[in-house]
1. Suppose we flag GluC sites (Glu not before Pro) only when DSSP calls them loop and at most 14 other Cβ atoms lie within 10 Å. Which is the longest uninterrupted stretch of the chain?
2. Evaluate the charge dipole of the stretch 5-351 about its Cα centre and quote only its size in Debye, nearest 20, assuming +1 on the Cβ of each Lys and Arg and -1 on the Cβ of each Asp and Glu.
3. Can you list the residues of the stretch 1-36 with backbone N under 16 Å from a point 7 Å past the Cα of Asp102, pointing along Cα to Cβ?
4. List every residue whose amide H lies under 5 Å from the amide H of Tyr282, counting only residues 5 or more places away in sequence or on a different chain, with H placed 1.01 Å from N in the peptide plane.
5. Whole percent per 10 Å bin, from 0 to the bin with the longest distance: what is P(r) over all C-alpha pairs of the chain?
6. For Lys162, list the aspartates and glutamates whose Cα falls under 19 Å from its own Cα; do not include residues on the same chain fewer than 8 positions away.
7. Using the beta-carbon distance between Glu256 and Gln135 and R0 = 51 Å, what value does 1/(1 + (r/R0)^6) give for FRET efficiency, to the nearest 0.05?
8. As an exercise, use a Förster radius of 45 Å and the Cβ-Cβ distance of Ala4 and Ala25 to find the FRET efficiency, rounded to the nearest 0.05.
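Bear in mind these aren't lab numbers, they're just calculated from the coordinates by the rules spelled out. Nothing here was measured: the structure is a model prediction, and the numbers come from that model. Cβ coordinates were reconstructed from backbone atoms using ideal geometry, including for glycine residues, and neighbour counts include every protein chain displayed.
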Amino acid sequence: MTKAYYLPAEWHHQRCLQLTWPHAATDWAPYLNDITETMLQLADAVSRQESMIIVTADADATRNLLAARLSPKQMEQVTLYECPTNDTWARDHGGITLLPTDGEGQPLILDYRFNGWGEKFPSQLDNAITPRLHQAGVFNGYDMKDCEDFVLEGGSIESDGKGTLFTTAPCLLAPHRNQPMDEGEIEERLKADMGVQRVVWLHYGMLIGDDTDGHIDTLVRTAPNDTLLYVAPNEKDAEGDDDAKLQYNELKLMEEELQTLRNDAGKPFRLLPLPCPDAICYDGERLPATYANFVIVNGAVIVPQYGQERNDRTAMQQIQLAFPDRKMVGIDANTVIRQHGSLHCLTMQYPL
């Protein structure tokens, strides 16, 4: 008899959370000190709540940085694993963890192929991280399934923990991922792999500067009690240049699409809009800043902040409504988005 598993929601209790540390041979080189400071703030916030796995190209150097910032008690929460890496986006190269439906036995890690968001960027080293961690016993006995025949990034899916998975058609149907599979075939694969009964496809929503083809974790996030937090259109973009107007229109259409969705009981989802940050640019390029890219850990939610007082505050308040039993922790994400991601993109949770 085949054992049954399900894909938990991110707010399910976590054993640990993974970070992959930046280094000088990555695209972070021009502002390595800045991104290292952000990573230290993130490690500090996470290690106050739960254990961490930190993948790094130089374990001794990373340990010294952490030890200078974290308390001895926090350092006890950290497991360092040294191996070569291409980049830092653990959300997309990390394993996706299923839990046994009957509550008996070990969790199961699905190791999908990470190919640099459709072969846009080098990814061979990062694609090898999850099996290396498993082989080294870092996952503490979790089982692992090889899913290398299918390309999937963790940032492209959201689970409500009750059998519904949310994703975006522009991402999963983008070139150089799983062609020639169509939407129906991909949906059947997701259902078979993850034990979900329903896949909700969103067809609208985009952020200027995004290079993931529209990851759901930059646009819409699930929360308890059939709640969806989503990026609302920014009225300033409606009066902006052509790209800004396109973003505004896409987010408006996404909002309308969300309003038509129904949960398993046939009722509308509880929709909580998040502000879309005012334009943030670097080297003349608008960056895909988003508050939807928050990180859920045991007892807390870590929320990107962009130095926009009103928007930052509103985002924290809205996310607090969705997670009233967790404290809100803000971390400046302006350095992270220079490489077109935010805080959630840097992390991957391993539930227990």
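1. Working: sites that count: Glu76, Glu104.
Result, exposed sites excluded: 105-352.
2. Here the size comes out at about 1080 debye.
3. 1-6
4. For Tyr282, whose amide H was placed from the backbone, the distant partners under 5 Å are Leu287.
5. Final binned percentages: 5, 26, 37, 25, 6, 0.
6. Glu10, Asp102, Glu104, Glu187, Glu188, Asp193, Asp217, Asp226, Asp264
7. Numbers: r = 47 Å, r/R0 = 0.92.
Once rounded, the FRET efficiency stands at 0.60.
8. Values: r = 43 Å, r/R0 = 0.95.
The formula returns an efficiency of 0.60 here.
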